[in-house]
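Right, one structure below, let's go through it.
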Amino acid sequence: MSNGTKLIRNELEVLKQRMNLEPRKFIQVVTGPRQVGKTTLVIQFTKRTTLPVQFSSADAIATDDKSWISLQWQTARIKLQSNVLREAILIIDEIQKIKNWSEQIKREWDADTRNDVNLKIILLGSSRLLLQQGLTESLTGRFESIYLSHWTFSEMNAAFGFSPEEYVWFGGYPGSASLIQDEIRWKNYVRDSLIETSISMDIMQLTRVDKPALMRRLFDLGSQYSGQILSFNKILGQLQDAGNTTTLSHYLNLLDTAGLLAGLEKYSHGKVRQRGSIPKFQVHNTALMTATQPEMFSTIYKDPARWGRWVESCVGAHLLNASLKNHFTLNYWRHVNDEIDFVMTDGKKTIGIEVTTAFKHRRSGINGFVKAHHPDKVLKVGADGISWQEFIRIDPKTLM
């Protein structure tokens, strides 16, 4: 992972530029799924800065410890006083694990503001939902965010020599790259160290989940059906659970904020996000769908229809991660027999993307989409268009 983390140069440069502002401006909040390099990024930053740094992690701290943040802050203030430039940096990892963390951060930050104390703050966390709640409730106007997404093909290729096919199958977890020659060991690592840890620690320990078994089954089913549109009522039938669609929708949202499984919503002109629409499942990282099924790469790759599911999910994950990083919306579109796999919108432009693989057994929906919504452009990935191998090398924001 040490070689690969050199590829997070853009985010590292952004962080360096923001922390070099004089005087301090905002709290820097670094978010993203587990195992994408957040902690490594800030460690790299600490090696490049000349300012004194106080680095602490809340990972093993009691959640109701009301004095811990203040103690870390005071230690950083002491380091600041001993620095000739009267500047220092406080970094707190896994901040969302401290109860009422945002209120404590606000109190200390505002005290420094009143007293002209130039202590610069970096907060890291894996739970996008809980971080956002705290930021909007207590820290409005005081923070900027840097989102670290799952690794792209270009990053995995440059760091570990992944081929496009290896990236489709093994996804973008740098920490697991050394294990891909032993698929059974690799799958165990992804399931135990990434999936289960994200669900049990980033969701269940921090958010009320009344039916944890249902959430886990929803994740397994959603990963199995990644790239497909499936109503919550049908999901409940397959899960054989007496729950309701509201519960499933809530659990899917939690899985999404943990960087695991999203439910893309149907695109509607003039109302980009159509709440309550039938979701299209989409994994954030194809490693998640690979690790949750028993068959090996050699078997799936030889079956064009089944391999096509992985290819489309890889294209979808590429777009989904870019949407979180670059702040555009990703949906799907379907009307009667016409369907577009992905719709990108940023408030100004609308782009339709159709993925053609052996997995698909339907006619093209491009003409229907163009007639109904007059997008700025449409793209076809696969046959008669740009190859999927080339598409996953493209930065989606350049399409807007």
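Worth a mention:
- Some residue of the stretch 80-87 being among the polar types (S, T, N, Q), surrounded by 14 or more Cβ atoms within 10 Å (Cβ to Cβ) and modelled with pLDDT of 90 or more: no
- In the stretch 95-108 there is at least one residue matching the filter, namely being modelled with pLDDT under 95, among the basic types (K, R), out of contact with any strand residue (DSSP E or B) (no Cβ under 9 Å at 6 or more places or on another chain) and farther than 27 Å from T49 by Cα.
- Considering residues of the stretch 130-145 that are surrounded by fewer than 18 Cβ atoms within 10 Å (Cβ to Cβ) and either among the aliphatic types (A, V, I, L, M) or under 14 Å from the mean Cα position of the chain (by Cα) (or both) only, the residue modelled with the lowest pLDDT: Q132
- Residues of the stretch 12-35 include at least one that is in contact (Cβ under 8 Å) with a residue 12 or more places away in the chain, within 23 Å of T136 (Cα to Cα) and in contact with a Gly (Cβ under 6 Å, 6 or more places away or on another chain).
- Pairing each residue of the stretch 206-217 that is not assigned by TED's automatic domain parsing to the domain that holds A60 and acidic (D, E) with any residue that is assigned to a helix (DSSP H, G or I) and at pLDDT below 90, provided the two are 6+ apart or on different chains, yields C-beta distances under 9 Å for D210/T247.
- Qualifying positions in the stretch 146-201 - surrounded by 20 or more Cβ atoms within 10 Å (Cβ to Cβ) and not in a helix (DSSP H, G or I): I146, L148, S149, H150, W151, T152, F162, G171, G172, Y173
- Looking across the stretch 113-138 at every residue that is in a loop (DSSP other than H, G, I, E, B) and out of contact with any Asp or Glu (no Cβ under 9 Å at 6 or more places or on another chain), the one that is nearest to R34 (Cα to Cα) is identified as V117.
- Selection status of R216, more than 21 Å from V42 (Cβ to Cβ) and of a type in the set (D, E, K, R): yes
The values are calculated or read from the model by the stated rules, or taken from the named source; none is laboratory data. Because the structure is a prediction, the values reported are computed rather than measured. No Cβ is skipped: glycine too gets one built from the backbone with ideal geometry, and neighbour counts run over all protein chains shown.
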